[in-house]
1. Considering only ASN30, ALA89, VAL204, whose Cα is most displaced toward the positive end of the charge dipole of the chain, charges sitting on Cβ of Lys, Arg (+1) and Asp, Glu (-1)?
2. Just to verify a number: what accessible area does ARG60 come out at with the full protein assembly present, 1.4 Å probe, Å² rounded to tens?
3. If a/c stays under 1.5 just call it rounded; otherwise compare a/b with b/c (prolate if a/b is bigger, oblate if not). Do that for the stretch 125-254, with a ≥ b ≥ c from the square roots of the Cα gyration tensor eigenvalues.
4. With every protein chain left in place, what is the accessible area per residue of the stretch 113-258 in square angstrom, probe 1.4 Å?
5. Sort out for me the Cα centre separation of the stretch 202-223 from the stretch 77-120, rounded to whole Å.
6. Compute the Cα gyration tensor for the stretch 6-99, then decide on rounded, prolate or oblate, letting a ≥ b ≥ c be the square roots of its eigenvalues: rounded whenever a/c is under 1.5, prolate when a/b is larger than b/c in the other cases, and oblate in all that remain.
7. Pull up all non-local amide H partners of GLY123: gap of 5 or more, or a different chain, and H-to-H distance under 5 Å with H placed in the peptide plane.
8. Carbon and sulfur atoms: what percent of the 1.4 Å accessible area of the chain do they account for?
Amino acid sequence: NAKFDNVLVERRERVGIVTFNRPKALNALNSGLIQDICSAAEAFEGDPEVGAIVLTGSDRAFAAGADIKEMASLTFSEAYGENRFKEFARLTSIRKPIIAAVNGYALGGGCELAMMCDIILAGEKAMFGQPEITLGVIPGWGGTQRLIRAVGKSKAMEMVLTGNQIDAHQAEREGLVARVYPAEELVDQAVAIAAKIGSMSLPVALMAKEATNAAYEGTLAEGCRLERRMFHSCFALDDQKEGMAAFAEKRAPKWTHK
Ligand code: CO8
């Protein structure tokens, strides 16, 4: 797509696919790439024909982290003052489900970017890590917060404090990754899962994501309350009437996404 310098975008039926395209730099996340990822995801967010989004990189790297060369000479006042990486707030406010399909390295900001997505799927050779400590910094895009929620304190601490990487199978065992596929099948499998999600009622999928994320972001009591209110509000949708009628009539539902 001519609109973006750093990503390729494609739509397959109800799935929007964003492929990071700085392969020579192992998709290191510089300002241009971050901007394009967020803008491409926002374009799919605004497209009523799209029900779910897949983010993916190259065979060698999902993303090898924030661009170290771009960051190396920052002063404290620039790093703090410019808030130059605030774009990712745009990605985390996307309401449609997002799948990260990770082949190769997901390191530092790359691992954090994968964890901003709703489901992480991995190719067999994927590697995950938070190596920031080896560069004299700590994770800055949510790594210390999201990793601990995914794998628990001890394993998260081990990764954050040593910078050691884990492979796809270990990441799956630890709950960071939902499923592992042969590398060459990964993107098609991710698109198939996204297509299944995209075949659901869109407003209901948005509510399911929002309610599930509440568990991640707040307390149990707040999350359950939000979930209950959203459950009640499903009954205002035509798709709820259709889904339950279809069940009773033993047929497939026909969603109108209303
Ligand atoms: N930034 C910039 N360039 C990179 C990066 C990176 N993160 N990773 C790789 N590259 C470049 C290399 O410099 C090299 O470029 P060139 O060909 O011009 O020398 C090219 O990509 C290929 O890399 P390698 O030759 O190193 O490939 P190898 O296969 O030998 O090694 C590795 C692959 C192991 C992935 C290695 O490249 C590596 O260790 N990369 C750095 C990984 C890393 O430390 N990532 C964490 C970065 S810090 C971070 O992400 C913080 C996020 C929070 C920011 C918050 C801001 C507010």
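1. VAL204
2. Approximately 150 Å² of ARG60 is accessible to the 1.4 Å probe.
3. Oblate shape, in that a/c is at least 1.5 and b/c is the bigger or equal ratio.
4. Dividing the accessible area of the stretch 113-258 by its residue count gives 58 Å².
5. 19
6. Values: a/c = 3.16, a/b = 1.59, b/c = 1.98.
Judged from the Cα gyration tensor, the stretch 6-99 comes out oblate (a/c at least 1.5, b/c at or above a/b).
7. Hits under the 5 Å cutoff: VAL102, ASN103, GLY104, TYR181.
8. Carbon and sulfur atoms account for 56 percent of the accessible area of the chain.
The values are calculated or read from the model by the stated rules, or taken from the named source; none is laboratory data. Everything quoted here is computed from the prediction, not taken from an experiment. Quick reminder, even Gly has a Cβ in these numbers, built from the backbone with ideal geometry, and neighbours come from all protein chains shown. Quick note on the areas: whole protein, heavy atoms, side chains included, nothing else; ligands and nucleic acids left out. Shrake-Rupley method; radii C 1.70, N 1.55, O 1.52, S 1.80 Å.
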